[in-house]
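A.B. asks: Before anything else, here's the structure in question.
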Amino acid sequence: MESIKNIISVKINGIDVSIEKGTTILEAARKINVRIPTLCHHEDLCVAGNCRVCVVEVEGAKNLTASCAAPCEQNMVIKTNTPKVRSARKDLIALLVSEHNTQCTTCYRSTNCELQALASEYNVDNNTYLSVLKPGIQVDRSSWSIEKDDSKCVRCQRCVRTCAELQHVNAITVAHKGKDMKISTFMDLPMNEVVCVNCGQCIIHCPTGALTERRYFDDIWEAIGDEKKHVVINTAPSVRVAIGEMLGYAPGAHVTGKMVAALKKIGFDSVLDTNYTADLTIVEEGTELLGRLKSKIKDEDDSVALPMITSCSPGWVKFIEHMYPEHLAHLSTCKSPQQMFGALAKTYYAEKIGVKPENIVSVAAMPCAAKKFEANRPEMKSSGYQDIDAGLTTREIGHMIKQAGIDFSEISDSDFDSIMGDSTGAAIIFGATGGVMEAALRTAYELITGRDVPFDRLNIEPVRGLEGIKHAAVKLENCLEAYSFLEGVELRVAVAHGLKNARVIMDQIKDGTSPYHFIEIMACPGGCIGGGGQPIPTNDKVRMERIKAIYEDDADCKLRKSHENPEIKQIYDEFLKDGPLGHKSHKLLHTHYTKRNRY
Amino acid sequence: MTKTDMMVKELVDKYGSKRESLLPILQGVYDLEHFVSDEAMVSIARNLDLSSADVYGKSTFYSFLDTIPRGKFVIRVCKTIVCDMHDKNQIVDTLENILKIKVGETTLNRKFSLLYTNCLGWCHKGPAMLINDDVYTDLTPETIREIITDYKNRE
């Protein structure tokens, strides 16, 4: 009976709705497909109720009610579209516009801006209120990754809630009050001087153009136009399942072939696959993990840091550098696939195709804002040049395809070029939370036991899905002779995504209570498919679609284990001759980390 | 341990290190230093396990906290409508003349800062102002001169 007591009914625009107690008016309206406009509201975040664009009329209430913040009550009669509601919304939007830098024609977010859409929908007259935009607001372009333009800020605080709730970073805050209120860093310092980890989650939660990624595609157009330059691009797995959204496709559309064809049309001399170095990461990282396990278990060397944690996500890497600098030894020394790619592009690849490394411009198409910072880390020059010249987001690639005048729906599929273009299903799943772990287990288990990992069709379901922290354990039995020290060991792994979950994992390590051997951490909720460089909007529904596409791609692959990638075998035969973690691989594919300030 | 760290430590010992201790600690710092310095904010953040941006946000929100160094005596003239009707402008002009600073500024000897404040609740006795925690009402240019002379002679 308890459950019935918790069901209440309300009337929205004359339609009866039964909902659970505690449901907000906005949620109840969505249930019956009544659209209420919102601005400060975001599915990923807590309720703020500060923009009041979502006001509705509730019978008997003195004032209009913000539907995102008000829970339904029994027998409420709600009207969402009365003249009073419409006029209030129009006024609210007009007031927001009066404070806004309305240079929409030159805004990067134009046609993908929530304020612009609302103003247009409500036919707001720009002259209703005088513009009170503060003069002289400077755009903060100090960060490699994130551009902050306060003149376009509507002060909805979605970015602040993102940084606090999803990421536990709190690099940005609400400072001052009333008309002076602004989104600020500590002491209003430039973004590159604060604890910002560059994850870019604030960008994909920003309704306007106030927070955007630093754009570098104009430089790339220059390079493409320069005949002396050989421009290569490597595309991350998450880009191919999301780029369609920039070009009119539904989330999760399979457009890999079209994307490759479009990039070739744009003029990239070679379109290669980050998945190739994802496979390489698995071989290197797997070897590193087995080495650490051997030192700890067989040699009883307590100086070895376990659990080992993945290092593919540059947002996560900067987070641990700031927040847990004393635990950097837990990070794998492997570079991320992007940086491995960069280091090889200007050495191995350059040698193979006979182009001087200084004439190679190496571009990465990434779902990520932090990759821009990573590419510019001073230590990422192991080829003797800057390994990656520019990291572009999925959004930037979408823009480039549009700028090139390519009809994406008409273009026919093309394949990745060769030399660093081959990959396996294990690499594709790097894009989804749990993917690196799954790929690593497929390879490590087989290295240890000589058999397939004991999950149906290699699908390690326990590490898949959107749960914040996932665990799995695999018992190692009948090990090969080289790994007899692992006989009977239960390999315990964990997967976390979103930095708030990373903090839980790290606090366990700090307290010495972490039960795991190996942990995958991705900075962004959902993993890379939910990255800060992905198309906007990104929410759980969109994340699930992208993840679905990733696993479908994996299932379609003939090769689904990284170590079976023929080009990987080739590079160890021809170039990295002393094998994984050997001298050359150490120089090119591994890195070190920097302790940073937390406050 | 720096002087700032020791000051913050004492306040943390007194008020605790939970999030709800933040405001009393900030007020404590303000009482001692007449502003909350960036070093103090970082020290508080460290002690309370908050981000320094978070502490900065709170410090800038409240009118009676400040992140800019102020003089020993902070004068806050009520700018709200009733004091305005009682010729607050004349009061401000007089203060600016005597102190040789504009509203928002601090004298070179760091003795006085001149600021506006919202309603002090002394509308019936306007114009009104605060000097640190003391209220002065029914102000005229003459009383202002006397009050400021008195403060100038204080250490």
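A.B. asks: Given A:179/B:58; A:475/A:510; A:177/A:318; A:182/B:111; A:296/A:584, which pairs have Cα atoms separated by over 22 Å?
C.D. replies: In this structure, A:475/A:510; A:177/A:318; A:182/B:111; A:296/A:584 exceed 22 Å between Cα atoms.
A.B. asks: With a point put 7 Å past each Cα toward its Cβ, work out how far residue A:469 is from residue B:32 in nm, to one decimal.
C.D. replies: 3.7
A.B. asks: Here is a further query. Taking each residue in A:175-184, count the Cβ atoms of any other chain within 10 Å of its Cβ, then average. What number comes out?
C.D. replies: Going residue by residue through A:175-184 and averaging, the value is 3.
A.B. asks: Ok, one more. Per residue of chain A, what 222 nm ellipticity follows from adding -39500 (n - 2.57) for every DSSP H run with n ≥ 4, rounded to the nearest 500?
C.D. replies: Working: 22 runs with 195 residues, N = 599.
Result for chain A, helices only: -9000 deg cm²/dmol.
A.B. asks: Right, another one. Can you give the net charge of the other residues whose Cβ lies under 9 Å from the Cβ of residue B:56, counting K and R as +1 and D and E as -1?
C.D. replies: Taking every Cβ under 9 Å from that of residue B:56, the sum is -2.
A.B. asks: Mind computing the radius of gyration and Dmax over the alpha-carbon atoms of the stretch A:95-213? Å is fine for both.
C.D. replies: Answer for the stretch A:95-213, Rg first and Dmax second: 14.1, 41 Å.
A.B. asks: Take the Cα gyration tensor of the stretch B:1-151, multiply each eigenvalue by 5, square-root it, and list the three semi-axes largest first, rounded to whole angstrom.
C.D. replies: For the stretch B:1-151, the semi-axes come out at 33, 16, 12 Å.
A.B. asks: Out of all Cα-Cα pairs in chain A, roughly what percent, to the nearest whole number, are more than 37 Å apart?
C.D. replies: 37
A.B. asks: From Cα pairs below 8 angstrom and at least 6 apart in sequence, can you work out the relative contact order of the stretch B:3-61, rounded to a whole percent?
C.D. replies: Values: 48 pairs, mean separation 19.8, N = 59.
Once normalised by length, the contact order is 34 percent.
A.B. asks: Can you bin every Cα-Cα distance in the stretch A:235-390 into 10 Å intervals starting at zero and give me the percent of pairs per bin, rounded to whole numbers?
C.D. replies: 10, 32, 33, 18, 6, 1
A.B. asks: Same structure again: Please give the helix A:256-266 orientation as an angle from the longest Cα principal axis of chain A, in degrees from 0 to 90, rounded to the nearest 10.
C.D. replies: Between the helix axis and the principal axis of chain A, the angle is about 90 degrees.
A.B. asks: Long-range amide H contacts for residue A:55: which residues qualify at under 5 Å (H placed 1.01 Å from N, peptide plane, sequence gap of 5 or more or a different chain)?
C.D. replies: Sorted by chain and number, the residues that satisfy this are A:67.
A.B. asks: Further question: Mind pulling up the Rg/Rh value for the stretch A:422-511? Radius of gyration and Kirkwood radius, both on Cα. Each step should come with its number before you reach the end.
C.D. replies: Working: Rg = 14.2 Å, Rh = 14.1 Å.
For the stretch A:422-511, the value is 1.00.
A.B. asks: Give me a comma-separated list of calculated 3J(HN,Hα) values for the stretch A:220-226, in order, Karplus coefficients 6.51, -1.76, 1.60 applied at θ = phi - 60°, integers in Hz, x for any Gly or Pro.
C.D. replies: Going residue by residue, I get 6, 4, 4, 4, 5, x, 8 Hz, with x marking Gly and Pro.
A.B. asks: If you place +1 on the Cβ of every Lys and Arg, -1 on the Cβ of every Asp and Glu, and leave all else neutral, what size is the dipole of chain B about its Cα centre, to the nearest 20 Debye?
C.D. replies: That gives a dipole near 140 debye.
A.B. asks: What is the order of B:106, A:424, A:102, fewest Cβ neighbours within 10 Å to most?
C.D. replies: Values: B:106 20, A:424 27, A:102 17.
So the ranking, lowest neighbour count to highest, is A:102, B:106, A:424.
A.B. asks: Nearest 10 degrees is fine. How inclined is helix B:3-15 to the longest principal axis of chain B, computing both from alpha carbons?
C.D. replies: It is inclined by approximately 80 degrees.
A.B. asks: With the Cα gyration tensor of the stretch A:262-326 giving a ≥ b ≥ c as the square roots of its eigenvalues, does the rule (a/c under 1.5 for rounded; else a/b larger than b/c for prolate; else oblate) give rounded, prolate or oblate?
C.D. replies: oblate
A.B. asks: Can you grab the distance from the C-alpha centre of the stretch B:105-143 to the C-alpha centre of the stretch B:1-25, Å, no decimals?
C.D. replies: Each part reduced to its Cα centre gives a spacing of 30 Å.
A.B. asks: Sticking with this structure for a sec: Can you work out ³J(HN,Hα) from phi for every residue in the stretch A:532-544, in order, using Karplus 6.51 cos²θ - 1.76 cosθ + 1.60 and θ = phi - 60°, giving whole Hz and x for Gly and Pro?
C.D. replies: Along the stretch A:532-544, the couplings run x, x, 7, x, 10, x, 10, 9, 4, 5, 5, 4, 4 Hz.
A.B. asks: For the stretch A:200-288, what relative contact order do you get, as a whole percent, if you take Cα pairs closer than 8 Å and at least 6 residues apart?
C.D. replies: For the stretch A:200-288, the relative contact order is 26 percent.
A.B. asks: Could I ask something else about it? Enter the angle in degrees (range 0 to 90, nearest 10) between the Cα long axis of helix A:83-98 and the first principal axis of the Cα atoms of chain A, meaning the one along which they spread out most.
C.D. replies: Result, in degrees: 60.
A.B. asks: Report the FRET efficiency, 1/(1 + (r/R0)^6), for residue A:120 and residue B:18, where r is their Cβ-Cβ distance and R0 is 41 Å, rounded to 0.05.
C.D. replies: Efficiency, from the Cβ-Cβ distance: 0.30.
A.B. asks: If you don't mind, there's one more thing I want to ask. Give me the net charge for the shell around residue A:166: Cβ to Cβ below 14 angstrom, other residues only, Lys and Arg +1, Asp and Glu -1.
C.D. replies: Around residue A:166, the charge tally is +1.
A.B. asks: Right, something else. List A:420, A:400, A:544 from most exposed to least, where exposure is judged by having the fewest other Cβ atoms within 10 Å.
C.D. replies: Result, fewest neighbours first: A:544, A:400, A:420.
A.B. asks: Separate question: Of all DSSP beta bridges in the stretch A:444-549, what percent run antiparallel (nearest 5)?
C.D. replies: 60
A.B. asks: For the stretch B:73-152, what proportion of DSSP beta bridges, expressed in % and rounded to the nearest 5, is antiparallel? If you can, show how the numbers build up before the last one.
C.D. replies: Details: 7 of 13 bridges.
Antiparallel: roughly 55 percent of the beta bridges in the stretch B:73-152.
A.B. asks: Neighbour counts of other C-beta atoms within 10 Å: give me B:122, A:316 arranged from fewest to most.
C.D. replies: Going from sparsest to densest Cβ surroundings: B:122, A:316.
A.B. asks: Go ahead and run the numbers for FRET between residue A:128 and residue A:358, Cβ-Cβ distance against an R0 of 60 Å, rounding to 0.05.
C.D. replies: In this case the efficiency is close to 0.60.
A.B. asks: For a label point 7 Å from the Cα of residue B:93 along Cα→C-beta, name the residues of the stretch B:125-143 whose backbone N is under 20 Å from it.
C.D. replies: Answer for this model: B:126-129, B:138-143.
A.B. asks: Below 10 angstrom from the Cβ of residue A:580, what's the summed charge of the other residues (Lys, Arg +1; Asp, Glu -1)?
C.D. replies: So the environment of residue A:580 carries a net charge of -4.
A.B. asks: Now for a different question. So which residue, out of B:31, B:87, B:54, gets the largest mean-square fluctuation from a GNM of chain B using Cα contacts under 10 Å as springs?
C.D. replies: B:54
A.B. asks: Now for a separate question. Lysines within cross-link reach of residue A:229: Cα-Cα under 25 Å, excluding same-chain residues under 8 positions apart?
C.D. replies: By straight Cα distance, residue A:229 reaches A:258, A:264, A:265, A:346, A:352, A:356, A:371, A:372, A:381, A:402.
A.B. asks: Now a separate question. Tally the DSSP beta bridges in chain B and give the antiparallel ones as a percent, rounded to 5.
C.D. replies: Working: 7 of 13 bridges.
Taking every DSSP beta bridge with both residues in chain B, the antiparallel ones total about 55 percent.
A.B. asks: Normalised by the residues of chain A, what does the relative contact order come to in percent, with Cα pairs under 8 Å and at least six apart?
C.D. replies: 16 percent.
A.B. asks: Hey, another quick one. Would you calculate the convex hull of the Cα atoms in the stretch A:2-81 and tell me its volume per residue in Å³?
C.D. replies: Each residue corresponds to 95 Å³ of Cα convex hull volume.
The numbers here are math on the coordinates, done by the rules we state, and not lab data. The shown structure was predicted, so the numbers you read here are calculated from the model rather than taken from an experiment. Cβ sites come from the backbone with ideal geometry, for glycine too, and all protein chains shown count toward neighbours.
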